1. Looking at (1) closer than 17 Å to Ala97 by Cβ; (2) in contact with a helix residue (DSSP H, G or I) (Cβ under 9 Å, 6 or more places away or on another chain), which is the only condition Lys202 fails?
2. What pairs come up if the first residue lies in the stretch 119-136 and is in contact (Cβ under 8 Å) with a residue 12 or more places away in the chain and polar (S, T, N, Q), the second is in a loop (DSSP other than H, G, I, E, B) and surrounded by 13 or more Cβ atoms within 10 Å (Cβ to Cβ), and their beta carbons are under 6 Å apart, counting only those six or more places apart or on different chains?
3. Please work out which residue is surrounded by the most Cβ atoms within 10 Å (Cβ to Cβ), limiting yourself to the stretch 198-223 and to residues that are at pLDDT 95 or above and among the aliphatic types (A, V, I, L, M).
4. Out of curiosity, is Leu76 of a type outside the set (Lys, Arg), crowded, with 17+ Cβ neighbours inside 10 Å, under 26 Å from Met230 (Cα atoms) and modelled with pLDDT of 95 or more?
5. I'm trying to understand the selection: among the residues of the stretch 73-102, which are free of Cβ contacts under 8 Å to residues at least 60 places away in the same chain, outside any helix (DSSP H, G or I) and in contact with a Lys or Arg (Cβ under 9 Å, 6 or more places away or on another chain)?
6. For Gln70, state whether it is part of a helix (DSSP H, G or I) and either under 19 Å from the mean Cα position of the chain (by Cα) or modelled with pLDDT of 95 or more (or both).
7. Please enumerate the residues belonging to the stretch 79-98 that are over 22 Å from Arg190 (Cα atoms) and modelled with pLDDT of 95 or more.
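The values are calculated or read from the model by the stated rules, or taken from the named source; none is laboratory data. Keep in mind that what you see is a predicted model, and the values were worked out from it rather than measured. Virtual Cβ from ideal backbone geometry, glycine too; neighbours counted across all protein chains shown.
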Amino acid sequence: MIEFIANNGRTSVDYLAQEFGVSPETIRRDLSDLDARGLLRKVHGGASPPLLHSEGTFSERMVEDPKAKQIIAKKLRDIIQPGDTVFMDTGSTTLIAAEALVMTHGLTVITNSLSIAMVFGRADVDTHIYLLGGKYAPGNDQTIGPTALEQITQFQVDHAIITVAGLDADIGATDANVDEAHIARAMMKRANNTVVLATSSKIGRRAAFRVCELDGVGTVLSEMPPGPAMMEAFLRAGVSVP
């Protein structure tokens, strides 16, 4: 039903009942459930595709789902090994993840986030930190643009650790900020593995700017397992979900 509405736009309850061979009451119950999960919008008399997800300010995102982000950060700590070289893009979850990684010895961290660079810089360990240049975007305390993108090409890393605004079975990974989507794609191209950090609230969501299809992701870390349909999509795409 989700795919049908995505392909056909706003559709009435009666039409859906006829299309799927069930009662209108069953359709209404299903639409209520899918609307609550953000997979479509229940409207008067039917349903429409979901709105593209947008994000609040960085400070607002820092206080969203803090426990979930801590769980994700701990999972990442089990993946990143001493001596690894990693990209880390700008995000509230990657910032919390950086705090979990500071005591991992011998890391080389390349980032466009001033905040992440400072987290590692304050730690009394042998971390090598490279802060990408470029246009400074104060809202997210990051560098973006052609200079940052060009500098990314000068590195080859073990893992690109990125955050996204949405992970969808059909669309893949998406971001709400076009500059951040460019940065994420560039980092992925120069990484042996891509680790996407995504709270469960982002699973099944879509944002405006595509980062990659699901098969471009190596690992997805979330605080809880995804639903059956999304897990099937991950497995089909070869994505690890520890």
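1. (2)
2. Between residues of the stretch 119-136 that are in contact (Cβ under 8 Å) with a residue 12 or more places away in the chain and polar (S, T, N, Q) and residues that are in a loop (DSSP other than H, G, I, E, B) and surrounded by 13 or more Cβ atoms within 10 Å (Cβ to Cβ), the close pairs are Thr127/Leu107.
3. In this case the residue turns out to be Val211.
4. On the way: of a type outside the set (Lys, Arg): yes; crowded, with 17+ Cβ neighbours inside 10 Å: yes; under 26 Å from Met230 (Cα atoms): yes; modelled with pLDDT of 95 or more: yes.
Spelling it out, Leu76 is indeed of a type outside the set (Lys, Arg), crowded, with 17+ Cβ neighbours inside 10 Å, under 26 Å from Met230 (Cα atoms) and modelled with pLDDT of 95 or more.
5. The answer is Val102, and nothing else.
6. So Gln70 passes the test.
7. Of everything in the stretch 79-98, just one residue is over 22 Å from Arg190 (Cα atoms) and modelled with pLDDT of 95 or more, namely Ile96.
Listed here are the residues, each with its yes/no results for (1) more than 12 Å from the chain's Cα centre (by Cα); (2) in a strand (DSSP E or B); (3) at positive phi; (4) surrounded by fewer than 21 Cβ atoms within 10 Å (Cβ to Cβ).
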{"residue": "Gln151", "(1), (2), (3), (4)": "yes, no, no, yes"}
{"residue": "Ala184", "(1), (2), (3), (4)": "no, no, no, no"}
{"residue": "Val196", "(1), (2), (3), (4)": "no, yes, no, no"}
{"residue": "Pro226", "(1), (2), (3), (4)": "yes, no, no, yes"}
{"residue": "Pro242", "(1), (2), (3), (4)": "yes, no, no, yes"}
